[in-house]
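Student: After the structure tokens below, expect a handful of questions from me.
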Amino acid sequence: MEPMAYGQRQWKNWVMKNRLLRYFSSQIDNLILRSLSFFYIGILIILPIAALIAKAFEGGMASLWSNIVTPQAIYSLKLTFITAVVMVIVNVVTGTATAWVVVRYNFPLKNIMNSLIDLPFAIPTVVTGIMLVNLYGPNSIFGAWLGKYGIEIAFARPGIIIALLYVSFPFVVRTVQPVLQEMEQDMEEAAKTLGASSFNIFFRIVLPTLLPAILTGAALSFSRAIGEFGSIAIIAGNIPFKTQVASVYIYGELESYNQQGALGLSVVLLLCSFIILVLLNLIQIWSRKHEGTARSN
Amino acid sequence: MKEQPGQIRIFRKKHYLGKYILITLVVAWFLVLTMLPVYGVIEGTFKNGWHIFITSLVTPASKHAFLLTFWITVGTIILNTVFGVILAIVLVKQKFKGKLLFEGFVDLPFAVSPVVAGFMFIVLFGPKGWIGNWFEMHQIKIVYAFPGMMIATLFVTLPFVAREVIPVLREFGLQQEEAAYILGASKWQTFWKVTVPSIKWGLAYGVTLTIARSIGEFGAVLVVSGSIINKTQTATLHIHQEFTDFNYAGAFSAAVVLAVSSFLILTMMQFVYKRKRS
Amino acid sequence: MAILVKDIFKKFGDFVAVDHVSFEVQEGELVALLGPSGCGKSTILRIIAGLETPDSGEIYLTGKQVTTLSPQKRKVGFVFQHYALFKHMTAEKNIAFGMEIQKKSKAEIQEKVHALIDLVKLQGYEKHYPDQLSGGQRQRVALARALATEPKVLLLDEPFGALDAKVRDNLAQWLRDFHQKSKVTAIFVTHDQNEAIEISDKIIVIRQGKVEQVGSAREVYEYPRSKFVASFIGQVNVMDAVISQNRIQIKDTDHVVENTSNDSLDEGDVVLLVRPEEIMLTPEKQQPNDLPILIRQIHYRGSHYEIDCELNGLNIKVIENKVDLNKEQWRENQQAHMHFKSFRIFDAEEGHERVHEKLKEAGYIE
């Protein structure tokens, strides 16, 4: 072995070097992929947001704040949140009920209905607006009939809420449905053997289990509602202090070449988006923990 | 549909009435809220006959708008499929600092208002923006032109492919790829022969969602494009234009075309979704 | 030498998975890497295959250094624990995959696939997808797929881990027969001592990333080098004892095993290990070292009886074959005496064997 020692050392050195090389070359495709992702997300998402925020704070906090607190901006923000909250409340009830009926009961044409639940996601929001105006507008039969009793839908607040209900209908249904499907009915049966009434079973067993899914659906609907533009712009129009929601307000300001005026509410909406995203993640973490403890018990 | 064992067990006998009332209410709500408007617009479009429907669709502005929507959709499919898969691979297989935050950014387009998104791109790519400045110097127009509309559509549809591919890729795991390596397949061969066939239905679902959204996107594109007739007007912008010009026949006809395409895409979505799950 | 593993070290974060492991495998040998789960045996296999890179150390396959070679170029066959079959390909396509990568001619591939299907007895299942096959069938497809590229070395990760007992036994038998005929060099990882004893030519016992013992099934069973090996392979009775004045005293009792040899034993705390079949029960005390015990329960086990005895509160398991039992007619709650036909003494703290050689000379063990 002795005479070989020198050669062996050289060989080993080469291998070590080569191993570094190999490590690098095995990592290089990973690095390329990662750089590409960072580039794409950077240019499409991070940089635009940064640019908007930078521009918003260019003139200082005070000027940004003065853009937010104009009466018209405040009104549109309020309107946005009120209509969104009303929609979320209705949507939580109807969405949960729809999920329940589709999962638990059998009735004719159920499968077709189940497929069509996603339709509002597939239909462009402008088309939604057009369809709703056609149905509820002052010139339509239905709208004219309601108008006789003084009920305004199109170009009024109810129109906004109906548009929001339409575009966010699938959120609660589609988040609750899978949970309901996987839910073990033995839990309900166990409650029944313990003497719980149907009312008690629903509110003490079923609802708590569905709660994370319902909250997720509600948060998604809410997020969609405060950003919704197309359908509202068409059915409710752009009437300040009446039907002008935040996104329509921003569009109006941009349309009249007043970027400064648009910045205030844009930052507010952006902030809401961040908060909702964080909230959604928290709900997910919370429900996972919940599940985890339930399972380990 | 999966059979639900003991579907109505908890509301046996005495609650039959409640069950039927609930079904009726839900179906009625569903029909009035989502189906009645669809019926209304189709009825409204065709009550004056096919002739008006056709003539209002073949105007140059209308044709141009649909063609533009087509090209934007094609571009979006290509770019967001490629980058969506790359994003999914990076998020599933790689570990790096700030990954959670990065993942959050991928989801962000779903939460941001389209109008705000469009505004962001005007600020960044506009003539005075950080990036737009450079393009301006080189005489390339981004905002109020095709590239800007493309970027806006890429933004709003970015999460779809990544979100659909990530869980499939996670479930697929590493072992099949390792098995391919040991059998002599290179990374590239493994990707095409083993990985892609395994994620194809998830990918197809994500692409279908991307198509639906790119055809229907309105707010972001409206803000970025400036909605110039025969130039930067997509189908949805065209509908909006016709509507604000009180040309309801044109607006309705184009809306029906888009509604029918949405329906076809939805059918495709359902088909792909079923394949994905099996 | 077919496989040489030289001083392999691998850390995952702070966890040392493989701690300076070295061993060799001869041409044509069938070797078991045996150890409890999490001991690093699978990592060793993955390092040999090139799926993991060791932090230090070297791997040689058929004399060639392959430490830095990618798995694609090592020409090994690997059977994954959960088969890792390509779900979108039929059984036939799975088997053909490696040959297609090698760009073999269609006729050649077809012929080879046919032969392999015959070999693993899957005739009629060629066109089935993995999810249409049973666990045992999937495992056989995985084997055929690994063999299709004619690897120099076959590596199997827990090959029978996910199968039920009957299928497992059949496949194990098949693998042993196949190895007898083909003489392909193979390493398989298992946590099941019976599997290792049944199938392998050589067992490498791994514990906490280190090689604990290497030897044939008989060597490892009969002459375990540590308390861990003794208790991991086969059943064993463990008794704390102390050596003083050349006598082995079982702790908490006044029972003593006299050292009848001429050599003296090193003093200190020890552990006395006796396998159940190394204990002989007699009704009367026959030798000075016999210990009085109480028979608690007698379990019928088909081929033999298992007898639970008590020695001053210590539970002692004894295996008697049926012939002996019929002769003696043991009853429950009967007083008897036990004689250790052989036993081992291990250092109480370190766990390694302490006085093995001396006892051997003393005639305690054969």
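Student: May I ask you to list the residues in the stretch B:10-42 that are within 7 Å of chain A (Cβ to nearest Cβ) and at pLDDT below 70?
Tutor: B:Ile10, B:Phe11, B:His15
Student: Let me ask something additional. Within the bounds of the stretch B:161-178, is there any residue that is closer than 30 Å to B:Val260 by Cβ and within 11 Å of another protein chain (Cβ to nearest Cβ)?
Tutor: The answer is yes, given that some residue of the stretch B:161-178 is closer than 30 Å to B:Val260 by Cβ and within 11 Å of another protein chain (Cβ to nearest Cβ).
Student: With the structure loaded, tell me whether C:Thr43 is at pLDDT below 90, open to solvent by 10 Å² or more (accessible area, probe 1.4 Å) and assigned by TED's automatic domain parsing to the domain that holds C:Ile203 or whether it fails that test. Give the derivation first.
Tutor: On the way: at pLDDT below 90: no; open to solvent by 10 Å² or more (accessible area, probe 1.4 Å): yes; assigned by TED's automatic domain parsing to the domain that holds C:Ile203: yes.
No: the conditions fail for C:Thr43.
Student: Then there's this: State which residue pairs qualify: first residue assigned by TED's automatic domain parsing to the domain that holds A:Val101 and inside the stretch A:160-180, second residue open to solvent by 30 Å² or more (accessible area, probe 1.4 Å) and charged (D, E, K, R) in any location, beta carbons under 8 Å apart, and separation of 6 or more residues or different chains.
Tutor: Partner pairs satisfying both residue conditions: A:Leu164/A:Arg224; A:Val167/A:Arg224; A:Ser168/A:Arg224; A:Phe171/A:Arg224.
Student: Determine if the stretch C:194-213 includes at least one residue that is part of a helix (DSSP H, G or I) and in contact with a Leu (Cβ under 8 Å, 6 or more places away or on another chain).
Tutor: Residues of the stretch C:194-213 that are part of a helix (DSSP H, G or I), as a first pass: C:194-199.
Retained after the next criterion (residues that are in contact with a Leu (Cβ under 8 Å, 6 or more places away or on another chain)): C:196, C:199.
Yes - at least one qualifying residue is present in the stretch C:194-213.
Student: Taking B:Ala117, is it within 8 Å of another protein chain (Cβ to nearest Cβ), of a type in the set (Gly, Ala, Ser), surrounded by 23 or more Cβ atoms within 10 Å (Cβ to Cβ) and free of Cβ contacts under 8 Å to residues at least 24 places away in the same chain?
Tutor: Numbers: within 8 Å of another protein chain (Cβ to nearest Cβ): yes; of a type in the set (Gly, Ala, Ser): yes; surrounded by 23 or more Cβ atoms within 10 Å (Cβ to Cβ): yes; free of Cβ contacts under 8 Å to residues at least 24 places away in the same chain: no.
Spelling it out, it is not the case that B:Ala117 is within 8 Å of another protein chain (Cβ to nearest Cβ), of a type in the set (Gly, Ala, Ser), surrounded by 23 or more Cβ atoms within 10 Å (Cβ to Cβ) and free of Cβ contacts under 8 Å to residues at least 24 places away in the same chain.
Student: Which of the residues belonging to the stretch A:209-242 are buried (at least 24 other Cβ atoms within 10 Å of the Cβ) and not in a helix (DSSP H, G or I)?
Tutor: Those that are buried (at least 24 other Cβ atoms within 10 Å of the Cβ) and not in a helix (DSSP H, G or I): A:Glu228, A:Phe229, A:Ala236.
Student: Here's a check for you: in the stretch A:256-266, which residue that is more than 9 Å from every other protein chain (Cβ to nearest Cβ) and in a helix (DSSP H, G or I) is surrounded by the fewest Cβ atoms within 10 Å (Cβ to Cβ)?
Tutor: Here is the first cut: in the stretch A:256-266, the residues more than 9 Å from every other protein chain (Cβ to nearest Cβ) are A:256-258, A:260-261, A:264.
Next, from what is left, pick out any that are in a helix (DSSP H, G or I): A:260-261, A:264.
Working: A:Gln260: 16, A:Gly261: 19, A:Gly264: 24.
This residue is A:Gln260.
Student: Residues in the stretch B:199-218: is at least one open to solvent by 10 Å² or more (accessible area, probe 1.4 Å), in the same structural domain as B:Ile151 (by TED's automatic domain parsing), in contact with a Lys or Arg (Cβ under 7 Å, 6 or more places away or on another chain) and part of a helix (DSSP H, G or I)?
Tutor: yes
Student: Could you list, in sequence order, the residues of the stretch B:80-91 that are open to solvent by 10 Å² or more (accessible area, probe 1.4 Å), without any contact (Cβ under 8 Å) to a residue 40 or more places away in the chain and in contact with a helix residue (DSSP H, G or I) (Cβ under 6 Å, 6 or more places away or on another chain)?
Tutor: As a first pass, look at the stretch B:80-91 and keep what is open to solvent by 10 Å² or more (accessible area, probe 1.4 Å): B:81-83, B:85-86, B:89.
Okay, now just the ones that are also without any contact (Cβ under 8 Å) to a residue 40 or more places away in the chain, so B:82, B:86.
Residue satisfying the conditions is B:Ile86 alone.
Student: I'd like to know if the stretch C:97-109 contains one or more residues that are within 11 Å of chain B (Cβ to nearest Cβ), touching a residue at least 60 places away in the same chain (Cβ under 8 Å) and in a helix (DSSP H, G or I).
Tutor: The answer is no, given that none of the residues of the stretch C:97-109 is within 11 Å of chain B (Cβ to nearest Cβ), touching a residue at least 60 places away in the same chain (Cβ under 8 Å) and in a helix (DSSP H, G or I).
Student: Here's something else I'd like to know. Exactly one of these conditions fails for C:Ala91: (1) at the interface with chain B (Cβ under 8 Å from one of its Cβ atoms); (2) over 28 Å from the mean Cα position of the chain (by Cα). Give me its number.
Tutor: (1)
Student: Just one of (1) more than 10 Å from chain B (Cβ to nearest Cβ); (2) modelled with pLDDT under 85 trips up A:Thr209, so point out which.
Tutor: Here A:Thr209 clears every test but (2).
Student: Could you check the stretch C:20-40 and list, in sequence order, the residues that are in a strand (DSSP E or B), within 24 Å of C:Lys227 (Cβ to Cβ) and open to solvent by 10 Å² or more (accessible area, probe 1.4 Å)?
Tutor: As a first pass, look at the stretch C:20-40 and keep what is in a strand (DSSP E or B): C:20-25, C:30-34.
In the following step, the residues that additionally are within 24 Å of C:Lys227 (Cβ to Cβ) were identified as C:20-23, C:31-34.
Residues satisfying the conditions are C:His20, C:Ser22, C:Phe23.
Student: What residue, of B:Ala254, B:Ala249, B:Ala204, B:Ala185, is among the hydrophobic types (A, V, I, L, M, F, W, C) and facing chain A (nearest Cβ under 10 Å)?
Tutor: Numbers: B:Ala249 fails: facing chain A (nearest Cβ under 10 Å); B:Ala204 fails: facing chain A (nearest Cβ under 10 Å); B:Ala185 fails: facing chain A (nearest Cβ under 10 Å).
Only one candidate passes the filter, namely B:Ala254.
Student: For the stretch A:179-206, how many residues meet the condition of being in a helix (DSSP H, G or I), more than 10 Å from chain B (Cβ to nearest Cβ) and under 17 Å from A:Val102 (Cβ atoms)?
Tutor: 2
Student: Could you please let me know if B:Leu237 is at the interface with chain A (Cβ under 10 Å from one of its Cβ atoms) and open to solvent by less than 40 Å² (accessible area, probe 1.4 Å)? Step through it out loud before you land on a result.
Tutor: Working: at the interface with chain A (Cβ under 10 Å from one of its Cβ atoms): yes; open to solvent by less than 40 Å² (accessible area, probe 1.4 Å): yes.
Against the criterion (at the interface with chain A (Cβ under 10 Å from one of its Cβ atoms) and open to solvent by less than 40 Å² (accessible area, probe 1.4 Å)), B:Leu237 qualifies.
Student: Next question. If C:Tyr83 satisfies all but one of (1) open to solvent by less than 30 Å² (accessible area, probe 1.4 Å); (2) within 30 Å of C:His20 (Cβ to Cβ); (3) among the hydroxyl-bearing types (Ser, Thr, Tyr); (4) touching a residue at least 40 places away in the same chain (Cβ under 8 Å), what's the number of the condition it fails?
Tutor: (2) is the only condition that C:Tyr83 fails.
Student: Being within 26 Å of the chain's Cα centre (by Cα), assigned by TED's automatic domain parsing to the domain that holds A:Leu207 and farther than 30 Å from B:Leu266 by Cα is the requirement here; does A:Ile68 meet it?
Tutor: Values: within 26 Å of the chain's Cα centre (by Cα): yes; assigned by TED's automatic domain parsing to the domain that holds A:Leu207: yes; farther than 30 Å from B:Leu266 by Cα: yes.
It is true that A:Ile68 is within 26 Å of the chain's Cα centre (by Cα), assigned by TED's automatic domain parsing to the domain that holds A:Leu207 and farther than 30 Å from B:Leu266 by Cα.
Student: Ok, one more. Give all pairs with beta carbons closer than 6 Å in which a residue from the stretch B:21-43 that is not assigned by TED's automatic domain parsing to the domain that holds B:Ala255 meets a residue that is open to solvent by 30 Å² or more (accessible area, probe 1.4 Å); count only pairs at least 6 apart in sequence or on separate chains.
Tutor: Here the result reads B:Ile23/A:Phe107; B:Gly40/A:Asn134; B:Val41/A:Asn134, each pair linking the stretch B:21-43 to a residue that is open to solvent by 30 Å² or more (accessible area, probe 1.4 Å).
Student: Which one of A:Tyr149, A:Tyr105 is at the interface with chain B (Cβ under 10 Å from one of its Cβ atoms), among the aromatic types (Phe, Trp, Tyr) and out of contact with any Gly (no Cβ under 6 Å at 6 or more places or on another chain)?
Tutor: On the way: A:Tyr149 fails: at the interface with chain B (Cβ under 10 Å from one of its Cβ atoms).
Every option except A:Tyr105 fails the conditions.
Student: Right, something else. Out of C:Val120, C:Val113, C:Val153, I need the residue that is within 14 Å of chain B (Cβ to nearest Cβ) and over 23 Å from the mean Cα position of the chain (by Cα). Which one? Quick ask: steps written out before the conclusion?
Tutor: Details: C:Val120 fails: within 14 Å of chain B (Cβ to nearest Cβ); C:Val153 fails: over 23 Å from the mean Cα position of the chain (by Cα).
Of the residues listed, the single one that is within 14 Å of chain B (Cβ to nearest Cβ) and over 23 Å from the mean Cα position of the chain (by Cα) is C:Val113.
Student: Okay, next question. When you look at B:Val196, is it in contact (Cβ under 8 Å) with a residue 60 or more places away in the chain and either more than 30 Å from A:Gln260 (Cα to Cα) or not assigned by TED's automatic domain parsing to the domain that holds B:Gln233 (or both), yes or no? Talk me through it step by step, then tell me what you get.
Tutor: Working: in contact (Cβ under 8 Å) with a residue 60 or more places away in the chain: no; either more than 30 Å from A:Gln260 (Cα to Cα) or not assigned by TED's automatic domain parsing to the domain that holds B:Gln233 (or both): yes.
For B:Val196, the condition - in contact (Cβ under 8 Å) with a residue 60 or more places away in the chain and either more than 30 Å from A:Gln260 (Cα to Cα) or not assigned by TED's automatic domain parsing to the domain that holds B:Gln233 (or both) - is not met.
Student: Right, C:Ala162: assigned by TED's automatic domain parsing to the domain that holds C:Ala96 and either surrounded by 20 or more Cβ atoms within 10 Å (Cβ to Cβ) or under 17 Å from B:Gln176 (Cβ atoms) (or both) or not? Let's see the steps before the verdict.
Tutor: Numbers: assigned by TED's automatic domain parsing to the domain that holds C:Ala96: yes; either surrounded by 20 or more Cβ atoms within 10 Å (Cβ to Cβ) or under 17 Å from B:Gln176 (Cβ atoms) (or both): yes.
So C:Ala162 passes the test.
Student: Has the stretch C:52-75 got at least one residue that is of a type in the set (Phe, Trp, Tyr), at the interface with chain B (Cβ under 10 Å from one of its Cβ atoms) and either in contact with a Pro (Cβ under 7 Å, 6 or more places away or on another chain) or not in a loop (DSSP other than H, G, I, E, B) (or both)?
Tutor: no
Student: Condition first: modelled with pLDDT under 95, over 21 Å from B:Ala204 (Cα atoms) and crowded, with 21+ Cβ neighbours inside 10 Å. Can you find one or more residues in the stretch B:92-107 that meet it?
Tutor: No, every residue in the stretch B:92-107 fails to be modelled with pLDDT under 95, over 21 Å from B:Ala204 (Cα atoms) and crowded, with 21+ Cβ neighbours inside 10 Å.
The values are calculated or read from the model by the stated rules, or taken from the named source; none is laboratory data. The structure displayed is predicted, hence computed values, not measured ones. In this analysis, Cβ positions are derived from the backbone assuming ideal geometry, glycine residues included, and neighbour counts consider all displayed protein chains. Each accessible area value is taken on the protein alone, full model and side chains, heavy atoms only, with ligands, DNA and RNA left out. Shrake-Rupley method; radii C 1.70, N 1.55, O 1.52, S 1.80 Å.
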